[in-house]
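Here is the structure we will look at.
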Amino acid sequence: MIPYLDGDLVTDPRQQLGPAMALVQLLSEHPELPMASWDVGQHFARLEGTLHGPSALEELSRYADVIGGETETEGEFVTVGVAYRTHRLATRWRDVPVHVRALIKATHHPVPALVSGGAR
């Protein structure tokens, strides 16, 4: 299965219980892990976390040390004139697919100039 699509398609809200319980277990057993924004997945039964800030990539490595898996660069995007890069850890923990992303500024890439003037 493609790692990004890992997880069963949610057809019943009770399918979110597994990822929710995995999150409770993860945070209870590893309170030393950095804070993240969490989602139990509306479309796929998986646990999804996002790390923000300048140390997000190092924090992602700490998650990998605990839940396993390897990180990969996922992509880049520009919003409000700032370039960002995402790195993703995709693994399974306690039989639950887990995706954790680190969102960092892509400071080494030039930011494209924004076109002013509105729609044409």
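The values are calculated or read from the model by the stated rules, or taken from the named source; none is laboratory data. All values reported here derive from a predicted model rather than from experimental measurement. Methodologically, a virtual Cβ is constructed for each residue, glycine included, from the backbone with ideal geometry; neighbour enumeration extends over all protein chains shown. Surface areas here come from the heavy atoms of the whole protein model, side chains and all, with no ligands, DNA or RNA. Shrake-Rupley method; radii C 1.70, N 1.55, O 1.52, S 1.80 Å.
Here are the numbers for the structure shown:
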| item | result |
| --- | --- |
| Residues listed by number, region 21-44, amide nitrogen under 20 Å from residue 52 label point at 7 Å toward C-beta | 33-42 |
| Probe 1.4 Å, all protein chains present, accessible-area order of 30, 87, 52, largest first | 52, 30, 87 |
| Ranked order, 63, 84 - accessible area, probe 1.4 Å, largest first | 84, 63 |
| Region 45-67 versus region 72-87: alpha-carbon centroid distance in Å | 16 Å |
| Two-site FRET efficiency, residue 30 against residue 77, from Cβ-Cβ distance with R₀ of 35 Å, rounded to 0.05 | 0.70 |
| For region 21-106, convex hull volume per residue from C-alpha positions, Å³ | 96 Å³ |
